[in-house]
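In what follows, a single structure is set out as structure tokens and then discussed.
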Amino acid sequence: MKVVFKKISLILMMGSLSVTITHASHHNAGSTQQAQPRQDFSVQALYNVARGLPPVEGQSVSVLQPFQGDFRILGYKTYRDDEQAKFSPVDFAVSWGMFANPKIASQIQVKQYDRYLQWAIPYLPVPAEEAMQMVSNIHIIPANPEIAKQIKQVKRGDLVRMQGDLVEVKSDDLVWRSSLRPDDVGDGACEVFRVDSIQWLEQNAKVPSKS
């Protein structure tokens with residue numbers, strides 16, 4: 001079994017901010033074999049949740065608490081091959097609050113890879129600790145097939161209102177638990193968000209390309 005969590009490293013220089021949000025995996029010390037796919041399900045069925053369908057036996061998605069917000073999309077990254085991709089096909093790099101303002105969002109540079117988010121801003125309009133609470137890498141789980149289609153339409157620069165639940169995901173070899181506070185930082189600070197509603201408030205506001 002592996003537990004996925006988030007760490008944040010912070011570099012602050014001359015009023016600028018660079019943040020790396022990472023995910024690490026811990027395996028049970030007694031485990032010597034990699035988990036094998038269940039033989040009674042097709043590989044495609046193991047990705048049911050990522051397509052907005054019910055999980056198969058051995059998988060579960062448990063609601064922790066409702067979650068919603070208005071998020072500026074700073075970037076997005078699709079995943080197909082990691083264990084989490086069976087549940088979350090895409091990560092959204094987002095900002096909210098003051099940092100959802102296009103004038104500030106346009107200054108934020110992001111890089112996403114391997115469920116990591118690295119972001120930087122040349123000038124801090126607020127203290128670093130507060131700034132870190134307004135940018136996150138959210139792992140998106142579609143609640144139904146329609147949402148699975150809609151999340152593919154989200155583009156960098158969009159301002160979207162998303163509603164749903166923060167969840168805990170379990171499968172044979174994975175435990176993935178969401179943070180329960182959007183202003184959380186440090187270990188366990190990632191949001192695992194099952195989305196059941198998306199509303200576009202703005203589309204294609206100018207933000208920089210991925211670095």
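What the table below lists for this structure:
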| read-out | value |
| --- | --- |
| Selection within segment 59-88 - farther than 19 Å from K111 by Cβ, touching a strand residue (DSSP E or B) at 6+ places or on another chain (Cβ under 6 Å) and not hydroxyl-bearing (S, T, Y) | Q59, V61, V63, L64, Q65, P66, F67, Q68, D70, E83, F87 |
| Residues satisfying the stated conditions in segment 125-148, i.e. of a type outside the set (A, V, I, L, M) and under 17 Å from the mean Cα position of the chain (by Cα) | Q133, S136, N137, H139, P142 |
| Residues being touching an Asp or Glu at 6+ places or on another chain (Cβ under 9 Å) and of a type outside the set (A, V, I, L, M, F, W, C) - total across segment 98-115 | 4 |
| Meets criteria (within 16 Å of L166 (Cβ to Cβ), crowded, with 20+ Cβ neighbours inside 10 Å and of a type outside the set (S, T, N, Q)) for V63 | no |
| Failed condition for Q118, given (1) open to solvent by less than 70 Å² (accessible area, probe 1.4 Å); (2) modelled with pLDDT of 95 or more; (3) within 15 Å of the chain's Cα centre (by Cα) | (2) |
| Residue match in segment 89-98 (condition: farther than 15 Å from H139 by Cβ, open to solvent by 60 Å² or more (accessible area, probe 1.4 Å) and modelled with pLDDT of 95 or more) | yes |
| Test: residue in segment 122-132 that is small (G, A, S), more than 28 Å from S60 (Cα to Cα) and modelled with pLDDT under 95 | yes |
| Criterion violated by W176 - all others in (1) open to solvent by less than 20 Å² (accessible area, probe 1.4 Å); (2) modelled with pLDDT of 95 or more; (3) under 13 Å from F193 (Cα atoms); (4) part of a strand (DSSP E or B) satisfied | (2) |
| Some residue of segment 99-120 being on the phi < 0 side of the Ramachandran plot, free of Cβ contacts under 8 Å to residues at least 24 places away in the same chain and hydrophobic (A, V, I, L, M, F, W, C) | yes |
| Strands (runs of 3 or more DSSP E) completely within segment 1-85 that count 1 or more residues being more than 30 Å from A120 (Cα to Cα) and modelled with pLDDT of 55 or more | 60-78 |
| Any pair with Cβ under 7 angstrom, 6 or more apart, that starts in segment 154-176 at a residue that is within 14 Å of P142 (Cβ to Cβ) and ends at one that is in a loop (DSSP other than H, G, I, E, B) | V160/V154; G164/A143; V167/S178; V169/F87 |
| Selection from segment 50-81 of residues that are farther than 24 Å from M98 by Cα and under 14 Å from the mean Cα position of the chain (by Cα) | A50, T78, Y79 |
| Hits in segment 123-153 (condition: buried (at least 19 other Cβ atoms within 10 Å of the Cβ) and not in a helix (DSSP H, G or I)) | V135, S136, N137, I138, H139, I140, I141, P142, A143 |
| Matching residues in segment 66-88 - criterion: being in contact (Cβ under 8 Å) with a residue 40 or more places away in the chain, more than 14 Å from N137 (Cβ to Cβ) and open to solvent by less than 30 Å² (accessible area, probe 1.4 Å) | F67, G69, F87 |
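The values are calculated or read from the model by the stated rules, or taken from the named source; none is laboratory data. Values in this document were obtained by computation on a predicted structure and should not be read as measured data. Using ideal geometry, Cβ is built from the backbone for each residue, glycine included, and neighbour counts are taken over all protein chains shown. Each accessible area value is taken on the protein alone, full model and side chains, heavy atoms only, with ligands, DNA and RNA left out. Shrake-Rupley method; radii C 1.70, N 1.55, O 1.52, S 1.80 Å.
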